[in-house]
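The values are calculated or read from the model by the stated rules, or taken from the named source; none is laboratory data. These numbers were taken from a predicted model, which means no experiment stands behind them. Note that each Cβ is placed from the backbone with ideal geometry, even for glycine, and that neighbours are counted across all protein chains shown. For accessibility, only protein heavy atoms count, side chains too; no ligands or nucleic acids. Shrake-Rupley method; radii C 1.70, N 1.55, O 1.52, S 1.80 Å.
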Amino acid sequence: MKRLVINGGKKLFGEIEVGGAKNAVLPIIAASLLSSEEVILEDVPDLLDVSIMSQVVCALGGEVARQGHTLRIKAENFDNFEAPFDLITKMRASIVIMGPVLARKGRVRISHPGGCAIGSRPVNWHLKGLESLGAEVRIDHGYLDVSAPKLTGARIYLDFPSVGATENILMAAAAAEGMTIIENAAQEPEIVDLANFINQMGGKIRGAGTNIITVEGVQEFSGTRHTIIPDRIEAGTFILMAAACGGDVLVNNVISTHLAPLLAKLDEAKVQYEELEDGIRVFGNDSYLAVDIKTQVHPGFPTDLQAPFLALLARAKGTAIVTENIFENRFMHVDELKRMGADLKVEGRSVIVQGVPFLNPATLMATDLRAGAALILAALTAPGRSEIWEIQHIDRGYENIETKLRGLGADIERVDE
Ligand code: UD1
């Protein structure tokens, strides 16, 4: 069983490099299916989720080759419209192949993604959007069977600015006949990266990054070369680890505007940091203050940093309230942190955090990706030996996290026995 063994209590010093954004590269790999020419993606992190999305593309008939952090994708002889059940059920984010496959083949069949550890996660807004573009949706033996001999531009209002639904609609609309307007669209930086990528292939998308996106459909998409934006969640995780452990850490390859809500909260908590051109330098010490956070859609505080921020707050001075507004069941790290001595109380969608002076080391279970990151943060601060189990969740979104953290002087090792 693979696990991480951490001897915590050490300050962190040095530089750490952030990779390309997982949540940007997954829809961009899917969007590569819009073109029959070769697409080259740079700064592609080596993650389990990226490998699953690549396998989905191959199963559909595309070709994917990785060399270091470069991915070459060619979907010339792409002849399938059904995505394999075992791959789709491994990764919910693979739902974003619906838009491009529908656009290219006129039909897509994909197993209905169920819930996951952090909530039931329906796909109704994805389907409603595709239906507005002229698709017909059938549910058959647990599969979504979506067909559209022709996609036609439409005005689509999203009841909620869902990231995945915005991406699916954007990719289908890019190849539809006529104009699509997506109102109340998601505004995350990963949506902007996807739109830029599609535009480089010949698409005509305007307004990505605002809540109204206009898409003029085109019939042909060329190949292109694109560099994926830095991962703001990986960057935020390292910044929080540096703040929690103390020391002096430079987190490189950061677009600080993408992290504005996190940096605002660090200001409030009196964490010392410096914004540099391409990075954030964090001067961690033990005297940071408790601050309340409420997760919101971008540009609000990101739900993906809620768990690591809560782990930071576990040792803050004072009492904080952490409210999760995006997912219904995203507090699984709370019980694990309590086992380390954190003083936490769940009240509905909020956790009341009473800061304690230190956490105790423990054997811990990572229940999902960001909960896993929170436990690493907590274990790094707890003097003594902690173990984290179920680390396959962590590998979905952090490339070689133990190697990167060892570069800062952390005592962390992956063992497999
Ligand atoms: C994406 C990110 C994930 C992040 C989330 C919110 C990827 C691969 N994943 O997930 O890391 O935490 O955005 O920033 O980019 N919902 C519905 N019906 C739908 C779609 C969504 O009810 O049709 C609900 C979900 O259950 C959830 C909320 O809306 O409660 C937000 O989901 P959404 O923005 O779609 O997140 P994802 O795209 O799944």
Checklist outcome for this item: Gly341 meets each of (1) open to solvent by less than 60 Å² (accessible area, probe 1.4 Å); (2) modelled with pLDDT of 95 or more; (3) not in a loop (DSSP other than H, G, I, E, B) with one exception, condition (3)
Checklist entry - Inside the range 155-177, can you point out the residues that are more than 11 Å from the ligand (Cβ to nearest atom) and either of a type in the set (Asp, Glu) or crowded, with 19+ Cβ neighbours inside 10 Å (or both)? => result Ile156, Leu170, Met171, Ala172, Ala173, Ala174, Ala175, Ala176, Glu177
Checklist outcome for this item: Expected output for the range 180-193 (first residue over 15 Å from Gln296 (Cβ atoms) and at pLDDT below 95, partner among the aromatic types (Phe, Trp, Tyr) and crowded, with 24+ Cβ neighbours inside 10 Å, Cβ below 6 Å, 6+ apart or cross-chain) is none
Checklist entry - So which residues in the range 85-100 are modelled with pLDDT of 95 or more, of a type in the set (A, V, I, L, M, F, W, C) and more than 17 Å from the chain's Cα centre (by Cα), if there are any at all? => result Met98
Checklist entry - On the given criteria, is Phe238 aromatic (Phe, Trp, Tyr) and in contact with a Leu (Cβ under 9 Å, 6 or more places away or on another chain)? => result yes
Item to check | Search result, residues across the range 22-46 that are within 11 Å of the ligand (Cβ to nearest atom), among the hydrophobic types (A, V, I, L, M, F, W, C) and closer than 20 Å to Ile401 by Cβ | outcome: Ala24, Val25, Leu26
Item to check | Sole residue being away from the ligand (no atom under 14 Å from the Cβ), within 29 Å of Ser256 (Cβ to Cβ) and part of a helix (DSSP H, G or I), chosen from Leu305, Leu310 | outcome: Leu310
Checklist outcome for this item: In the range 139-154, residues that are at pLDDT 95 or above, surrounded by fewer than 18 Cβ atoms within 10 Å (Cβ to Cβ) and within 16 Å of the ligand (Cβ to nearest atom) total 0
